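The values are calculated or read from the model by the stated rules, or taken from the named source; none is laboratory data. Just so it is clear, the structure is predicted and the values come from calculations on it, not from any experiment. Here the Cβ positions follow ideal geometry from the backbone for every residue, glycine too, while neighbour counts run over all protein chains shown. SASA here: full protein model, heavy atoms, side chains in, ligands and nucleic acids out. Shrake-Rupley method; radii C 1.70, N 1.55, O 1.52, S 1.80 Å.
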Amino acid sequence: MCGIVAGVTQRNIVPMLLDGLKRLEYRGYDSCGVAVLQQGAPRRVRTLARVRALETDVTAEALDGSTGVAHTRWATHGVPAIDNAHPIFSRDEIAVVHNGIIENYEELRESLREQGYVFNSQTDTEVIAHLIHSHYCGDLLAAVHNTTRVLRGAYAIAVICRDEPRRVIGARQGSPLVVGLGDDSAFLASDTFALANCARRFIYLEDGDIADIVHGEVRIIDPDGHEVARDIRAVAKHEDDAELGAYRHYMQKEIFEQPLAVARTAGHVHSLDTEPFGNAAPEMLTGIERVLMLGCGTSHYAALTARGWFERLAGVTAHAEISSEFRYRDHVKERGTLVVPISQSGETADTLAALRYAQSMGEALTLTICNVAASAMVRQSRWAFITQAGPEIGVASTKAFTTQLAALFLLALTIGRRRGRISDDEAVVYLRQLAGLPDALRSVLAREPQIMAWAEELHGKENALFLGRGLHFPIALEGALKLKEISYIHAEGYPAGELKHGPLALVTDAMPVMVTAPNDVLLDKLKSNVQEVCARGGQLYVIADADTQFTSSPGMRVIQMPAYYGPLSPVLHVIAFQLLAYHVACLRGTDVDKPRNLAKSVTVE
Ligand code: F6R
C-alpha cells in the first residue's frame, strides 16, 4: 500500500526521505518519488523502478533541500506510470503526496478544470494539489484546511509549497499518519517504522487532524481550526528484526522466526495463575456467549481456525466474518457478544471499518488481536492483545498468522475456563501443549528439505487443490492463499468433503492435490476423500501426522509430521504449506517478498 515520508530538517533531507522509503518498501508499491524545495521551487524525481533506482536518479539530478515529501505508490486511480507517481505538483508551486482514495474527485476535477487547472495525471491526488493551490493566499495551513473541508473519502497527505520553504503540512482522515519528532527536525510518515532512523517520539494523528510543521516546531489543528494537544509517545528503537541476515527473503526469515514469535506471544502463560488478558479479563470475559471475529485474508483464516476452538474449548457460538462483507451487512446484536478484530497491521481499512460498524450497532465489548501496539484498531478497540511476532516485512503473512492463532487459542482457553467448560486439569494439559508448540514448530521446519523436493515437482504446475477437514479446512485455505499470492499458481482450498460436490471434476493426473491430514476424529472421512482423488489419477501430496498410517505409494507422496498435536495441530501443518509456497515461488523466480499487485497493509477499502 502507499507510503508517505516528509519533513523539515536543518540539513539535506533527501537521504532521510530515501531511507524512509526503503523502510516502506515492504508494503508493496509500483512507483516511487521524492520532491524537495530547492532554489525557490519544488523539484522532483519519480520512477517506476525500486527505491534503489530512485536513489541513483536523485543523485544524478543533485536533488538537495531541507524540506521535502516522498512516496511509494500502489496504484488505485490511474495505472502505474511516471505521470501518476507522487509527488504530484500544482503549477510547480505545490507538491503533494497522498495515501487513500478521494471519492468525489471527479466532480472536484470538473470544477477545477472550469477554473483553468490542467490535469497531467489520472490520479485523484491531483485534485488535492490543485485545490490547495486554488485556496492558497500566503498561508499553506489555511489552504490545506479549506481543502480538507471539501474532500470526501480516506486520505493521509503531506504538502509543501514553493513560497513557504521551511513548512510541511500533514492531514489525515481514515488513512494513518504520524508525526515523528527528531532533535532539531520534524517529520510525517504513514508508519513509525519509516522514521526509525530519525525519530524516537511520535504523535499519532487522529482523524480530522492537521499537522503544521514549521522548522522543527509542530502544531496540531482540529477540523474546527483549533489547536489541540495530542499525546507524544516514545517508541523504542525498532530491533534488528527488519534485517534480512543470512536469509534469502524476509518471508523465509519470518517462517523460521515462528517458534520464537509464538513463544513470545504465549510463552509467558505457564500456569493457571497467569491471566493472559490482564486486569481487563473479568469485565471482558464474564457473560460471554458469542464471539464475533472480524478479519481479512490470512487474518480471516485465523478466525476460521479459532472458530472451532471457541466451540470446542469454550462452548460459545463463534462467527468468523470477512470484514469487507460484514461492514455492509445488517448486524443483529445479541447479548454477551465479544467482538474480536484480528489484524497483523491494525490498519486494514475494512477491518477497522467493520470494528467501527459493530461499535455503532451497540457492540461495546471489543478486543483487538493485533501485532502493532500503536495501530488504529488497537486505539479504536476497548481492549487489545498484542501478538509478539515482531515486524513482518514479507507481504505474505506467516508469523503474524501463527501468533494470532496462539492468541486466539489462549482466548478460547480462558473463556472455556471461566464458563466451566474445561476443568483446571484439562486447562493445564492445553497450556503444556501451548508451551511445547515452539519445539513442535521447529521439528516441522526441519522437514524443509522434503518440502523443497515437492517444490521441484510442483513449480511447473498452473493449478493446485488444497484439502482439509474440520480445524484443518482453514489451513487448506491458507495453504492455497500462500501458494497463489507468491507463486501465481492458481490454487483453491476446499473442505475435503465438498470435493464430490464440484471440484472433483478438475481432478486429473495433471492436478496436484495437497492434503493436510491430522490424526483427528475426521481422519477416516479424510481417507475416503483421498481415495476419491486416487481413483481419478490425481497427484496427491499429503502432510500427514506420523500416527495416521499414510505412506507414500504411486500417485501419493507423504511427508510425515510429528504425532498428532491435539487442537493446536493446525499451527504445525500450516508451516509445511508456508514452506511449500515459498520454495515453489523461489523456483518460479517471483518477487517473493513483494508479489505483484499486492500490498502489505491495505489501508484503502
Ligand atoms: C496474505 C496476507 C493478507 C492479510 C490481509 C489482512 O498473506 O497477508 O491476506 O492477511 O491483508 O491484513 P491484516 O492482518 O494486516 O489486517
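Taking the Cα atoms of segment 447-605, the ratio Rg/Rh between the radius of gyration and the Kirkwood radius comes to 0.96. For Ile232 and Arg442, the difference between the fully extended length at 0.36 nm per residue and the C-alpha to C-alpha distance is 71.6 nm. Relative to the longest principal axis of the Cα atoms of the chain, the long axis of helix 349-360 lies at roughly 80 degrees. Using only side-chain charges placed at the Cβ, +1 for Lys and Arg and -1 for Asp and Glu, the dipole size of the chain relative to its Cα centre rounds to 780 debye. Working from Cα pairs under 8 Å separated by at least six residues, relative contact order for segment 2-237 is 21 percent. Going down the table (Lys333/Lys500; Lys253/Lys525; Lys333/Lys600; Lys461/Lys594; Lys484/Lys527; Lys399/Lys484), which pairs top 30 Å between alpha carbons? Violating the 30 Å limit, Cα to Cα: Lys333/Lys500; Lys253/Lys525; Lys333/Lys600.
Across segment 512-519, coupling constants 3J(HN,Hα) worked out from phi with the 6.51/-1.76/1.60 Karplus curve, θ = phi - 60°, read x, 10, 8, 10, 9, 10, x, 8 Hz, and Gly and Pro carry x.
Using only Cα atoms, tell me the angle between helix 51-60 and the longest principal axis of the chain; keep it within 0 to 90° and round to the nearest 10. Between the helix axis and the principal axis of the chain, the angle is about 20 degrees. The angle separating the long axis of helix 424-445 from the principal Cα axis of greatest extent in the chain is about 70 degrees. Here the calculated FRET efficiency for Gln10 and Asn197, from their Cβ-Cβ distance with R0 = 22 Å, stands at 0.90, rounded to the nearest 0.05. Cα convex hull, segment 246-443: 107 Å³ per residue, rounded to a whole number.
Taken about its Cα centre, segment 447-605 carries a charge dipole of about 120 debye when Lys and Arg each add +1 at the Cβ and Asp and Glu each add -1 at the Cβ.
Projected onto their three principal axes, the Cα atoms of the chain cover extents of 77, 54, 43 Å, largest first.
Spin-label model, Gln39/Ser271: points 7 Å from Cα along the beta carbon direction are separated by 7.3 nm. For the pair Met361 and Arg149, the difference between a 0.36 nm per residue extended length and the Cα-Cα distance amounts to 73.6 nm.
With contacts taken as Cα pairs under 8 Å at a separation of at least 6 residues, segment 246-443 carries a relative contact order of 31 percent. Taking all Cα-Cα distances within segment 2-237, those exceeding 32 Å account for 9%. Residues whose amide H falls under 5 Å from that of Met561, counting only those 5 or more places apart or on a different chain, are Ala544, Asp545, Ala546, with hydrogens built in the peptide plane. For Asp57 and Glu106, a Förster radius of 25 Å and the Cβ-Cβ distance give a FRET efficiency of 0.15, rounded to the nearest 0.05.
Estimated from helices alone, the mean residue ellipticity of the chain at 222 nm is -10500 deg cm²/dmol (sum of -39500 (n - 2.57) over DSSP H runs with n ≥ 4, per residue).
Per-atom-type breakdown for segment 434-536 gives carbon and sulfur 54% of the accessible area (1.4 Å probe, protein chains only). When the Cα positions of Ala455, Thr590, Leu294 are compared along the charge dipole of the chain, Ala455 comes out farthest toward the positive end, with charges on each C-beta of Lys, Arg, Asp and Glu. Residues within the reach of a label modelled at Asn120 (point 7 angstrom out along Cα to beta-carbon, backbone nitrogen below 16 Å), restricted to segment 154-171, are 160-162.
With an 8 Å Cα cut-off and a minimum separation of 6 or more residues, compute the relative contact order for the chain in percent. Taking the mean separation of contacting Cα pairs over the length of the chain, I get 12 percent. Only Lys, Arg, Asp and Glu carry charge here, each on its Cβ (+1 for the first two, -1 for the last two); on that basis segment 380-532 has a dipole of about 660 debye about its Cα centre. Residues in the chain average 37 Å² of solvent-accessible surface per residue, probe 1.4 Å, ligands and nucleic acids excluded. Residues whose amide H falls under 5 Å from that of Val604, counting only those 5 or more places apart or on a different chain, are Ala349, with hydrogens built in the peptide plane.
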